[in-house]
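**Student:** My questions will all concern the structure given below.
The values are calculated or read from the model by the stated rules, or taken from the named source; none is laboratory data. Model, not experiment: these values are computed from the prediction. Here Cβ is always computed from backbone atoms with ideal geometry, including for glycine, and neighbour counts include all displayed protein chains.
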Amino acid sequence: MSLELLSKLETKIQAALETIELLKMELEEEKQKASTLSEHNQQLNEQNQQLQQELTSWNEKVTGLVGLLNSEI
């Protein structure tokens, strides 16, 4: 192999290594975003569950009050 070919190969290898490093950094960023989104999703699920429980409770109260009104009429 000539020195010119070795030089080109070295340049390509260096470019590949730089690309790999950039991709690793991007992967880390995406992992952090995914973790943040997962935490947010968990919070929203908990909030949704709480709101559903409150809705059920209010529905039961309203149904009870309507039942009382109907029995008095």
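**Student:** Have a look at LEU69, LEU9, LEU37, LEU23 and point out the one that is exposed (fewer than 10 other Cβ atoms within 10 Å of the Cβ) and free of Cβ contacts under 8 Å to residues at least 24 places away in the same chain. Steps first, please.
**Tutor:** Values: LEU9 fails: exposed (fewer than 10 other Cβ atoms within 10 Å of the Cβ); LEU37 fails: exposed (fewer than 10 other Cβ atoms within 10 Å of the Cβ); LEU23 fails: exposed (fewer than 10 other Cβ atoms within 10 Å of the Cβ).
Every option except LEU69 fails the conditions.
**Student:** Which of the following residues is out of contact with any strand residue (DSSP E or B) (no Cβ under 8 Å at 6 or more places or on another chain), in a helix (DSSP H, G or I) and modelled with pLDDT under 95: LEU69, LEU51, LEU27?
**Tutor:** Values: LEU51 fails: modelled with pLDDT under 95; LEU27 fails: modelled with pLDDT under 95.
Only one candidate passes the filter, namely LEU69.
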